[in-house]
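A quick write-up on the structure given underneath.
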Amino acid sequence: MTGPASTGPAAWADTLLQSFAQAGYDRAEPAILQPAEPFLDLSGEDIRKSLYLTTDASGEELCLRPDLTIPVARDYLASARAGHPAGFSYLGPVFRYRSGRPGEFLQAGIESFGRKDQPAADAEMLALAIEATAAAGLPEVEIRTGDVALFTALIDALDLYPVWRRRLIKDFNRKVTLEQDLERLAVASAATRNEYEGVLAALAGSDRKAALALVTDLMSIAGATAVGGRTVAEIADRFLEQSTLKGGALPRDALNTIKRFLAIAGDPIDSVKQLRALAADAKLDIASAIDALEARVDLMAKRGIDLGQVRFATAFGRGLDYDTGFDFEWHRKEGGDEPLVAGGRYDGLLSRLGAAAPIPAVGFSIWVEGLAQGSSHRTTQRGRAS
């Protein structure tokens, strides 16, 4: 292995592994060669250009593992411990094409599955990540946190059309499109007619299941299974979205509430107070999501985490479709947009990997090359393995 991750990490890799083991997390060593499908399915086809891909004799597409979270989760689901509380640590190479940087680099981290005490598990992940990376001798860092579950609870409480709910949550995960889409949804669609007017009229007031059935029937009659690379489900979602937009704009009071929500940021304790004030003013039933945030913040303080070092923002999310709650990253204060550590709650992942019932999951990953550079060259900026 070449590059900064080949020398710097060696001095404290053992310390990382020891700290994980002392915390009760077993060492996981998943196979380097993995099925490509889970990564493409969960991260989208955009990740294909950064994967090192091959095909076996049976035609199955394989890849060198681009991260360790999914491989560790797959091994857990294939084990006798699946569905039961279990924690794993790891330190090993991952592989992604990165222009101008080595394609092989080290990733360390922890994954915790099956714990029911979610606020405590969340606080423990943040505390363990702080403790584990202290050995790198980093300068001051800024810890950024958020909670996807809060945004989902807000959208549910606003009782919007299902198509709006799906779209706004998708936008939140994509980060860059949410603000633009909020304004677009607040403006009623022009009353123009097009060749699909009859389909849109037929879908008025329909739910996703009914829309999918109608579009499936229409495409079956036409003898088509896809159009322009879009699946039947994607086409149905698009028609349903257009039908809903023709029915009127996103209510202005809902838009204002969402904007007020997304503006809350700063000290975690003060953010809880602002969220409760918003819920009371807008008569929103989001108390349970706020309670979970407050419980997590209290447990973080009890674990000795300096809350003054932690910044909370309702608009913060890591952009992963399977993230379901607490999210966090931290960065050097002297600059750099890319994180040294990233993690959070991803209860949606194991179900998408084939779990028969939902399994709580939370964890974090450390980009070892960044920490190694931070400890040996504190004033230089490093790249992120992503």
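The lone criterion from (1) open to solvent by 70 Å² or more (accessible area, probe 1.4 Å); (2) in a helix (DSSP H, G or I); (3) at pLDDT below 95 left unmet by Thr225 is number (2).
The residue that is nearest to Thr152 (Cα to Cα), counting only those in region 277-332 that are touching a Leu at 6+ places or on another chain (Cβ under 9 Å) and at pLDDT below 90, is Thr324. Residues that are among the small types (Gly, Ala, Ser) and at pLDDT below 90 were ranked within region 22-62; the one that is least open to solvent (accessible area, probe 1.4 Å) is Gly44.
Pairing each residue of region 53-70 that is farther than 27 Å from Gly109 by Cβ with any residue that is among the charged types (D, E, K, R) and not in a helix (DSSP H, G or I), provided the two are 6+ apart or on different chains, yields C-beta distances under 9 Å for Thr55/Glu61.
All conditions in (1) more than 21 Å from Asp267 (Cβ to Cβ); (2) surrounded by 21 or more Cβ atoms within 10 Å (Cβ to Cβ) hold for Thr314, with the sole exception of (1).
Condition check for Ser79 on (1) polar (S, T, N, Q); (2) modelled with pLDDT of 95 or more; (3) in a helix (DSSP H, G or I): one failure, at (3).
Quick check on region 313-336. Is at least one of its residues without any contact (Cβ under 8 Å) to a residue 24 or more places away in the chain, of a type outside the set (A, V, I, L, M, F, W, C), on the phi < 0 side of the Ramachandran plot and not in a helix (DSSP H, G or I)? No, every residue in region 313-336 fails to be without any contact (Cβ under 8 Å) to a residue 24 or more places away in the chain, of a type outside the set (A, V, I, L, M, F, W, C), on the phi < 0 side of the Ramachandran plot and not in a helix (DSSP H, G or I). Looking across region 246-286, the residues that are open to solvent by 50 Å² or more (accessible area, probe 1.4 Å), within 22 Å of Gln118 (Cα to Cα) and part of a helix (DSSP H, G or I) come down to Ile269, Asp270, Lys273, Arg276.
Wholly within region 89-201, which helices (runs of 4 or more DSSP H) include no fewer than the required count, namely at least 2 residues that are buried (at least 20 other Cβ atoms within 10 Å of the Cβ) and either at pLDDT 90 or above or of a type in the set (D, E, K, R) (or both)?
Numbers: elements: 118-133, 148-157, 162-174, 178-185.
In region 89-201, the matching helices (runs of 4 or more DSSP H) lie at 118-133, 148-157.
The values are calculated or read from the model by the stated rules, or taken from the named source; none is laboratory data. Just so it is clear, the model here is predicted, and its values are computed rather than measured. Here the Cβ is made from the backbone with ideal geometry for all residues, glycine too, and neighbour counts use every protein chain on show. To get the accessible areas, we keep the full protein, side chains included, count just its heavy atoms, and leave off ligands, DNA and RNA. Shrake-Rupley method; radii C 1.70, N 1.55, O 1.52, S 1.80 Å.
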